[in-house]
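What follows is a short report on a single structure.
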Amino acid sequence: MKRSEINTIMREADAFLRAMHFHLPPWAYWSLNDWVAHRAQAQEVMRRRLGWDITDFGQGHFKTLGLFLFTLRNGTLEALRAGRGMCYCEKVLICEPGQMIPLHYHWTKTEDIINRGGADLLVQVYNAGPENTLAESEVRLLSDGIWRTVPAGGIIRLRPGESVTLEPYCWHRFWAEDGRTLVGEVSLVNDDQNDNCFYEPVGRFPAVEEDEPPLYLLVNDYEHFGLLER
Ligand SMILES: [Fe+2]
């Protein structure tokens, strides 16, 4: 993705979040110089990969296959192994009309996908079969704490305020029906480097072509700009 395209998506997403009365933490609006100035105190923000995450899944067609995410909080794998402390993650997502995400599941993470407002959100689910196939079995899952059963490949409609719980090894993809949707994600600790199984071979993060300076930094930029201490 060109940096200019990422900057435009950031501006539009920020306007939509504000219109939906959803507010981001102060470091969301730091410039690269601000990050350099706050480098020492912001190590934990960067280490937990909090912040802007805009992806075309490496395919170059953000408007049809892409997702806007912002990670608000994220625990650590150390806490997860210890079974105490911050074992959770929260993100806000924006789904655009006509935009799909790739079918995927997680080996470890259970996530609640929540329609926080806007258009209806449609969620398609399958159980994972052997060797990452799509099982033909029906899928049983919780939706706002109520058990639901849908056929393989069934589509669950989430109206504003509704949510679904996606357990590990449950294939899923979701899209906004005919308008923009503000989506919440509440989950176990998020590990995007190691916990995404995609049905089609795609990447999790975009390759960035630097055609103008970044408006705000993406989560991958912390390392790219040498801000993250080892
Ligand atoms: Fe997921």
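Filter region 48-61 for residues that are in contact with a strand residue (DSSP E or B) (Cβ under 8 Å, 6 or more places away or on another chain) and not in a strand (DSSP E or B); which is farthest from Phe205 (Cα to Cα)? Show your work before the answer.
Initial filter on region 48-61 (in contact with a strand residue (DSSP E or B) (Cβ under 8 Å, 6 or more places away or on another chain)): 48-57, 59.
Retained after the next criterion (residues that are not in a strand (DSSP E or B)): 48-50, 56-57, 59.
Working: Arg48: 16, Arg49: 13, Leu50: 15, Asp56: 7, Phe57: 5, Gln59: 10 Å.
Within region 48-61, the match that is farthest from Phe205 (Cα to Cα) is Arg48.
Of the conditions (1) surrounded by fewer than 21 Cβ atoms within 10 Å (Cβ to Cβ); (2) touching an Asp or Glu at 6+ places or on another chain (Cβ under 9 Å), Gly66 satisfies every one except a single condition; which number is it?
Single failed check for Gly66: (1).
Tell me which residues, restricted to region 15-47, are out of contact with any strand residue (DSSP E or B) (no Cβ under 9 Å at 6 or more places or on another chain), closer than 25 Å to Gly179 by Cα and not in a loop (DSSP other than H, G, I, E, B).
Residues satisfying the conditions are Ala15, Arg18, Ala19.
For (1) charged (D, E, K, R); (2) on the phi < 0 side of the Ramachandran plot; (3) away from the ligand (no atom under 15 Å from the Cβ); (4) buried (at least 17 other Cβ atoms within 10 Å of the Cβ), each residue gets a yes or a no:
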residue	(1), (2), (3), (4)
Gly98	no, no, yes, no
Gly118	no, no, yes, yes
Leu121	no, yes, no, yes
Gly129	no, yes, yes, no
Ala135	no, yes, yes, no
Gly145	no, no, yes, no
Ala152	no, yes, yes, no
Pro160	no, yes, yes, no
Asp178	yes, yes, yes, no
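Can you tell me which residues in region 73-101 are of a type in the set (Asp, Glu) and more than 22 Å from Val183 (Cα to Cα)?
Across region 73-101, the qualifying residue is only Glu78.
Evaluate the following for Ile114: is it touching a residue at least 40 places away in the same chain (Cβ under 8 Å) and closer than 28 Å to Pro26 by Cα?
yes
With respect to the numbered conditions (1) away from the ligand (no atom under 15 Å from the Cβ); (2) under 21 Å from Tyr126 (Cβ atoms); (3) in contact (Cβ under 8 Å) with a residue 24 or more places away in the chain, which one is the sole condition not fulfilled by Asp195?
The number of the failed condition is (1).
If you go through region 199-224, how many residues are buried (at least 16 other Cβ atoms within 10 Å of the Cβ) and touching a helix residue (DSSP H, G or I) at 6+ places or on another chain (Cβ under 9 Å)?
Selection size over region 199-224: 11.
Determine whether region 1-10 contains at least one residue that is over 24 Å from Ala207 (Cα atoms) and over 17 Å from the mean Cα position of the chain (by Cα).
No: region 1-10 contains no residue that is over 24 Å from Ala207 (Cα atoms) and over 17 Å from the mean Cα position of the chain (by Cα).
Does region 62-80 contain any residue that is farther than 19 Å from Pro160 by Cβ, assigned to a loop (DSSP other than H, G, I, E, B) and within 16 Å of the ligand (Cβ to nearest atom)?
Yes, because at least one residue in region 62-80 is farther than 19 Å from Pro160 by Cβ, assigned to a loop (DSSP other than H, G, I, E, B) and within 16 Å of the ligand (Cβ to nearest atom).
Looking at region 51-88, which of its residues are among the aromatic types (Phe, Trp, Tyr), over 18 Å from Thr108 (Cα atoms) and touching a residue at least 60 places away in the same chain (Cβ under 8 Å)? I'd like the intermediate steps shown before the answer.
So the first thing to find is which residues in region 51-88 are among the aromatic types (Phe, Trp, Tyr), and the list is 52, 57, 62, 68, 70, 88.
Going one step further and asking which of them are over 18 Å from Thr108 (Cα atoms), we end up with 52, 57, 62, 68, 70.
Within region 51-88, Trp52, Phe57, Phe62 meet the criteria.
Pick from Ile113, Ile94: which is within 18 Å of Phe174 (Cβ to Cβ), of a type in the set (A, V, I, L, M) and in contact with a helix residue (DSSP H, G or I) (Cβ under 7 Å, 6 or more places away or on another chain)?
Ile94 is the lone residue from the list that is within 18 Å of Phe174 (Cβ to Cβ), of a type in the set (A, V, I, L, M) and in contact with a helix residue (DSSP H, G or I) (Cβ under 7 Å, 6 or more places away or on another chain).
Take the residues of region 156-207 that are of a type in the set (Ser, Thr, Tyr) and closer than 30 Å to Gly83 by Cβ: which is nearest to the chain's Cα centre (by Cα)?
Ser187
In region 81-106, how many are within 25 Å of Ala207 (Cα to Cα) and assigned to a loop (DSSP other than H, G, I, E, B)?
Qualifying residue count for the region: 8.
A short reminder: the numbers here are calculations on the coordinates, not readings from a lab. Keep in mind that this is a model prediction, so the values were computed, not measured. Cβ coordinates were reconstructed from backbone atoms using ideal geometry, including for glycine residues, and neighbour counts include every protein chain displayed.
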